[in-house]
Amino acid sequence: RGAGGEVSSPMLLTLPCRSTSSWGSAAAAGRAGGPRGILQAEHKLAPAPPSGSSGLVGGRWGRSRVLSGFLFLALSYLTGKQAHGYGDAPLPDGSLVRIPLQACDGSYCIFFNLDDSGPFRAVVDTGSPFFTVAGSCTRRWGCYKGQGSDSGLAPTFEVYAAKEGEVIWKSARISFLNATGPGAAFAGSVQGIRGGIPLVFGVLSDVLVARPGGVFLGLIREREDDIRPTFLGQTDFMSMQIDLSRSKSLSLSKRSLLAHRSPQTLVQLQDLRVFGDPVQHYACLASSMTINGYKLDFSDEPVYTIVDTGTTGLTMSRELYEDILFLYASKKISSKARLWKEVSVSLKTREGGGFEIKARNPITTPVDIPWPKFQAKLLVLGLSFIEGTTITFDLREGLIQIEDKTQESAEEWR
């Protein structure tokens, strides 16, 4: 999916980044390969990301377009600053950072500075590991002019949305704009350093940012050794909460942000690195899937499910996709309505039950899984499944909790 809700080509899988011009060798690492580098990035599988960069623009007409883009970016930033005044108290140890999210091209974005220069914008993405910035002046993502210093890491070639391009790895103090809490200056403040600490980030070439690519704040923490440093892996944060219900915010904390510990609401994360995923995508097991009223039971074989805020629809392994097409063609799944009209997935909870999340008319695409040892089936659930919910990750204990605020709001209205 590209910016503006455009549909991109089927999602590619992420492979470890190489220092060569191919994702097929084995050296450094950028995003984990694939359309936003999903499938081969350890615990993450994701379809193509939002679109993006206008690239370098020349001439008077180009300068006016860039200027209008900057005005739009500035107004978006100011709007977010006025709209979000969170009163939630920080944790006792001052480790909480709460950052307002703003809708952007069918995704959710944050604003940030590099070495006090900006603002820049990035999509909040639980399906990728890196903090990135567009490598030139763009209308959507901000104007990069070489901020940051040499990280000492060699450039890599990454694959985003079926396009390969160079990523340069630099280091800068990163601070979130409009953030609240004692850690608002950024993760560095958690360690008592005002204004943030230097962190490694990726500077994307124009080919990766252009539609249907984009710029991402990747929230996958764990990685294999040959993968470039992840954003969260350079911080002390071990818990995060993405509120897509009322406050529209991202919270980061050293302590667990789980609201409660009921086994009926807790889902155990699964580490897909054992199958060859180079990063630890936020994956769990699904117990069943229902399409237009027809239930597929997954009790006989594992079906892993990745939660991905960097995409919108539903992506699944090709074998499962073709099985469902066959059921639809044979009318076992009712053909009175279009396929994928109503889709729900039941996630297996810690106590053995299921927690159901739903979507209507999700854009659905198949994907070939590149992980060498992966013989199971895979689902990737995007924003259409989690809009209106609050998702909490406890990375120390390997738990995820999804609370459906839309149902609570409906009951309150009644």
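The figures follow:
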quantity: Selection from 267, 227, 257 lying farthest towards where the dipole of the range 217-271 points positive, charges on Cβ; calculated: 257
quantity: Added length on full extension, which subtracts the Cα-Cα distance from 0.36 nm per residue, residue 301 to residue 327; calculated: 7.6 nm
quantity: Residues of the range 347-387: accessible area per residue with a 1.4 Å probe, Å²; calculated: 45 Å²
quantity: Extension gain from residue 342 to residue 115, taking 0.36 nm per residue of separation minus the Cα-Cα distance; calculated: 77.1 nm
quantity: Karplus (6.51, -1.76, 1.60) ³J(HN,Hα), θ = phi - 60°, over the range 139-156, in Hz, Gly and Pro reported as x; calculated: 6, 8, 10, x, 10, 8, 10, x, 4, x, 10, 5, 7, x, 9, 5, x, 10
quantity: Long-range HN-HN contacts of residue 104 with modeled amide H, under 5 Å; calculated: 109
quantity: Residue 207-residue 397 pseudo-label distance in nm [points 7 Å out on the Cα-to-Cβ vector]; calculated: 4.6 nm
quantity: Protection proxy ranking, peptides 167-179, 202-214, 286-298, average beta carbon neighbours within 10 Å, highest first; calculated: 202-214, 167-179, 286-298
quantity: Protection proxy ranking of 325-338, 264-277 - average other beta-carbon atoms within 10 Å, highest first; calculated: 264-277, 325-338
quantity: Orientation-averaged projected area, Cα convex hull of the range 243-355 (nm²); calculated: 9.4 nm²
quantity: Above-threshold pairs, the threshold being 30 Å between Cα atoms, out of 254/348; 336/377; 163/331; 341/377; calculated: 163/331
quantity: P(r) histogram, all alpha-carbon pairs of the range 297-402 included - 5 Å bins from 0, percent; calculated: 2, 10, 19, 24, 21, 15, 6, 2, 1, 0
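The values are calculated or read from the model by the stated rules, or taken from the named source; none is laboratory data. Because the structure is predicted, anything quoted here is derived from the model rather than measured. All Cβ positions, glycine included, derive from the backbone under ideal geometry; neighbour counts span all protein chains shown. For accessibility, only protein heavy atoms count, side chains too; no ligands or nucleic acids. Shrake-Rupley method; radii C 1.70, N 1.55, O 1.52, S 1.80 Å.
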